[in-house]
Number of protein chains: 2
Amino acid sequence: MYQIGEFSKICQVSVKTLRYYDKVGLLRPSEVDRFTGYRYYDRAQLEKMLLIQKLKRYGFSLDEIQPLLSCDNDAFYQELCRQREKLQWRLMELETVFQELTLHLRKLERTGDIMDIPNGYEIQLTETRPMAVFSCRERMGVDEFGKYFGTLYERVAKEGLTPGGVVGAMYHGEEFNHDSSDIELFVSVEESDRAEKVMEARQCAMTVHRGGYSTLNEAYAALVSWIEENGYEWDGAPFDIYKQGAWHNRKPEDWETEVYFPVRKRESAAS
Amino acid sequence: MYQIGEFSKICQVSVKTLRYYDKVGLLRPSEVDRFTGYRYYDRAQLEKMLLIQKLKRYGFSLDEIQPLLSCDNDAFYQELCRQREKLQWRLMELETVFQELTLHLRKLERTGDIMDIPNGYEIQLTETRPMAVFSCRERMGVDEFGKYFGTLYERVAKEGLTPGGVVGAMYHGEEFNHDSSDIELFVSVEESDRAEKVMEARQCAMTVHRGGYSTLNEAYAALVSWIEENGYEWDGAPFDIYKQGAWHNRKPEDWETEVYFPVRKRESAAS
DNA sequence: TCTTGACTCTCCCCTCGGGGCAGGGCTTAT
DNA sequence: ATAAGCCCTGCCCCGAGGGGAGAGTCAAGA
């Protein structure tokens, strides 16, 4: 039986943490003195603690660890596999960011430009054509696109239609929120008569964004600036079309996205 | 001039975030209506926001970003370089954890053992020899070892003494705390007469831990169990000696650490 | 002109994994 | 008796916002 301080030292965990784990029910002492409230731990707790620490290093949250401690081997194995995939995902993301930062630095050395905004955005005014699509409009987070696109493709397949190769997302509503925005995903279909809806022709300012989606906001900014400078007015929900995306090519730096802002000529000269 | 909702959409940042940045002074709107409190943003804010987002992706905290926005190019460059190193460090750590998890899974497949505790710890009872050392006892975090060892080596060099090749840390006090424990670092020196102090001979339970320091607690646990099972009693501050460490070899899986627990034979048979 | 709906404001409480401190109780050695 | 080390509970704090209540504001339609 160890007092909390000794136990803290054995496991290399702070006393506060031990008390916290007791409070949330993750690791209860083997015995608590009824009168003094002193906590006493023994070797069973020690093993459990080692496992908890290990799982925490693997990136599980305390809430996730709790059920893991009392599930059978198979479930445990499944969860570990899932976590491994998550870690791999995070690893790739971190590598991408590292790559970005490295390029930014290199550019900073050459040009002395702090911003590293790719000013090479070529903005064109285009008239989109009407497009027959299947779509799905939901309140969703931007990380859930994959899931929703999956069901969308299933619906197209169930109707026996042919995907036309245009894939995109339209951002409805005014406000943006990373985890929950009003977003409409769409996939074009060849059979225009059997489509779910037809996206109308619009005059748009458009540009092509190359690279991962985390820097899409720069394309947005370039478009908005262009619109203002050229006497147009923002008129309707913007949308992206994914020309080269995650399903074509693994490397984010090779992705290509067309960004469209519907516009109309401004009437009054004054802002 | 954009309202907060429009601006949110342009930058792909939630309204809540914009209000928060205003509150903490990171990004103030270009104008605030004195009567209604409405916030209005324009293109200058837009550029600044893009930079903020970028720096956030690079892993800077908001507190770190604030000064970065108004410093000169050189300082900015320095900070970016520093951040790049930090990212690289995090990347390596994440890779190590990923590796650990992979090995754990493989072992789980083979043995069905959930814990993945290396039960191969061979515990020996040894008598340490007196050792002439230079030491430095401070309240420090375990991530600051490098810094303190640096100054310790400097002191040894300034005295014109020869480091004897033994490097270690002793954990004083009862409680462990990752960021602030009472720790004594020591380096042995050849010239025993001119040493700062001499560590006395002790009877110890010892084992060798192979791998990164994040799993050191498993060696601790093994030692504590052994001590209890073999009728000994824990008697004094434990210490580690780093045989193969970060300065010998880059890969954490090749590190070797000796872990010592001073012990004495228990007198009473009962616990 | 009034209403309605969309947009905005401030204010307060919540997150996760604990850290820090105040105020007090228990045990043991001096 | 007292002092030193332990330990307890309870309260507020962190970062980077999210959620919602309750109220004010703006523009367009009836």
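Return a whole-number percent for the relative contact order of chain B, with Cα pairs under 8 Å and 6 or more residues apart as the contact set.
Taking the mean separation of contacting Cα pairs over the length of chain B, I get 14 percent.
Once the Cβ-Cβ distance between A:Leu216 and B:Glu31 is put in as r, and R0 is 30 Å, what FRET efficiency do you end up with, to the nearest 0.05?
E(calc), rounded to 0.05, equals 0.65.
From the label point of A:Arg250, set 7 Å from Cα along Cα→Cβ, how far away are the matching label points in the other copies, in nm, ordered shortest to longest?
Copy-to-copy label distances for A:Arg250: 2.2 nm.
When a/c is below 1.5 the answer is rounded, else prolate if a/b is larger than b/c, else oblate, so apply that to region A:40-160 with a ≥ b ≥ c taken from the square roots of the Cα gyration tensor eigenvalues.
oblate
From the convex hull of the Cα coordinates of region B:89-181, what is the mean projected area in square nanometres?
For region B:89-181, averaging the hull's shadow over all directions gives 9.5 nm².
Return the Rg/Rh ratio of chain B with Cα-based radii and a Kirkwood Rh.
The Rg/Rh ratio comes out at 1.15.
I need the shape label for region A:2-68. Rule: rounded when a/c is under 1.5, else prolate if a/b > b/c, else oblate, with a, b, c from the alpha carbon gyration tensor.
Verdict is prolate for region A:2-68.
Can you list the residues of region B:130-148 with backbone N under 17 Å from a point 7 Å past the Cα of B:Glu191, pointing along Cα to Cβ?
B:132-135
Sequence neighbours fewer than 8 away in the same chain don't count; with that in mind, list the lysines whose C-alpha is under 17 Å from B:Lys243.
Hits, sequence-local ones excluded: B:Lys251.
Which of the lysines could a cross-linker bridge to B:Lys107, judged by Cα under 17 Å and excluding same-chain residues fewer than eight apart?
Candidates past the 8-residue exclusion: A:Lys54.
Go through B:Ser225, B:Thr126, B:Trp247 and say which Cα lies farthest out towards the positive end of the charge dipole of region B:124-265; charges sit on Cβ, +1 for Lys and Arg, -1 for Asp and Glu.
Projecting each Cα onto the dipole axis, the largest value belongs to B:Trp247.
Can you tell me, using C-alpha contacts under 8 Å and at least 6 residues apart, the relative contact order of region A:2-68 as a whole percent?
It rounds to 28 percent for region A:2-68.
With labels modelled as points extended 7 Å from the Cα through the Cβ direction, what inter-label distance (nm, one decimal) is found for B:His172 paired with B:Glu154?
2.2 nm
Please identify, among B:Lys86, B:Lys147, B:Lys16, the residue showing maximal mean-square fluctuation in a Gaussian network model of chain B using a 10 angstrom Cα cutoff.
In the Gaussian network model the winner is B:Lys16.
Got a sec to turn the phi values of region A:213-219 into Karplus ³J(HN,Hα) couplings, 6.51 cos²θ - 1.76 cosθ + 1.60 with θ = phi - 60°, whole Hz, x for Gly and Pro?
Couplings: 6, 5, 10, 4, 4, 5, 5 Hz.
By its C-alpha gyration tensor, with a ≥ b ≥ c as the square roots of the eigenvalues, how is region A:196-263 shaped: rounded for a/c under 1.5, else prolate for a/b larger than b/c, else oblate?
The shape class here is oblate.
Defining a contact as two alpha carbons under 8 Å apart and six or more residues distant in sequence, what relative contact order in percent does region B:124-265 show?
29 percent
By Cβ position, which chain B residue lies least far from the axis that rotates chain B onto chain A, and what is the distance to the nearest whole angstrom?
B:Leu94, 3
For region B:124-265, what is the largest minus smallest coordinate of the Cα atoms on each principal axis, given in angstrom and ordered from greatest to least?
Here the spans come out as 46, 33, 27 Å, largest first.
For the protein assembly as shown, what is the convex hull (Cα atoms) projected area averaged across all directions, in square nanometres?
Reported value for the Cα convex hull: 35.3 nm².
We did not get these values from a lab; they are worked out from the coordinates using the rules stated. A quick note: this is a predicted structure, and the numbers were derived from the prediction, not measured. Cβ: placed from backbone, ideal geometry, glycine included. Neighbour counts: every protein chain shown.
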